[in-house]
Amino acid sequence: MTEKIFSKKWIFILMAILLVLFLKEDRIILNVPLILNICVFLLSLFIIFIFQYKYNSVKKKKKKKNNNNIINITGIFILSFFIFIILKLSINFFIIKNSEKMLNEEIKLPIENFISGRTDLIYFNFNDKRYSLRYNNTDNLSREEIVNKHILHIIYSKSFFEIYVIKKYNIEFK
């Protein structure tokens, strides 16, 4: 089954698009329970195992024997990961839609760290957990200026399971 799926070139384009969407979307959702991610991944792994089992049972009827277990297992995990991304994108969409019904709250937090590179990131603590947000440093501020002279202003709303969705954020002078 995995050989047929990976032989299609458009699958790789679709996987790259899904990966970009997942990485872009996940930055505005805070405090997602680890157990939720684990359950979604196990569900996606279960789905792929069911398809693999059905495909192998049909293949056995045709008496075609061409098994490479390492490639099959690797393919199963790769496909499970992308099924996980599809499920996670839909869950993230539901989380964001649910948070739109809730009241917006504001908080000002100290900036713990700023890392400049290909992507500029601001690190902060929210509910005793460390998070990062992308920041476009158009003013070319130094790390010391951002960490010592600015605070992070976040507008967020709460969703279910104590998950928070950031609506808007910026840095301000202390």
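Throughout, read-outs are computed from the coordinates displayed, never taken from laboratory work. Computed from a predicted model, the values in this text were never measured in an experiment. Quick reminder, even Gly has a Cβ in these numbers, built from the backbone with ideal geometry, and neighbours come from all protein chains shown.
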Inset, instruction - Would you mind checking which residues have amide H under 5 Å from N113's amide H? H placed 1.01 Å from N; only 5 or more apart, or other chain. - result: Y123
Legend entry - Label point distance in nm, N31-E106, each placed 7 Å from Cα along Cα→Cβ: 2.0
Inset, instruction - Enter the angle in degrees (range 0 to 90, nearest 10) between the Cα long axis of helix 9-25 and the first principal axis of the Cα atoms of the chain, meaning the one along which they spread out most. - result: 30
Inset, instruction - Distance check, please: which entries in K54/K158; K88/K167; K54/K88; K88/K174; K88/K129; K97/K149 exceed 30 angstrom between their Cα atoms? - result: K54/K158; K88/K174; K97/K149
Inset, instruction - Compute the long axis of helix 69-100 from its Cα atoms, compare it with the longest principal axis of the Cα atoms of the chain, and write down the angle in degrees, 0 to 90, nearest 10. - result: 40
Inset, instruction - Enumerate the calculated ³J(HN,Hα) couplings along region 120-134 in order (Karplus 6.51 cos²θ - 1.76 cosθ + 1.60, θ = phi - 60°), each rounded to whole Hz, writing x wherever the residue is Gly or Pro. - result: 7, 10, 9, 9, 8, 9, 9, 6, 6, 10, 8, 10, 9, 10, 6
Inset, instruction - Along Cα→Cβ, 7 Å out, is where each label goes; now give me the distance between the ones at F81 and N113 in nm to one decimal. - result: 2.4
Legend entry - Length gained when the stretch K129-N148 is fully extended (0.36 nm per residue, less Cα-Cα span): 4.8 nm
Legend entry - Hz values of 3J(HN,Hα) by residue in region 33-40 - Karplus curve (6.51, -1.76, 1.60), Gly and Pro given as x: x, 4, 5, 5, 5, 5, 5, 5
Legend entry - Of (i) 16.2, 54; (ii) 21.4, 72; (iii) 14.8, 43, the label for Rg and Dmax of the Cα atoms in Å derived from the coordinates: (ii)
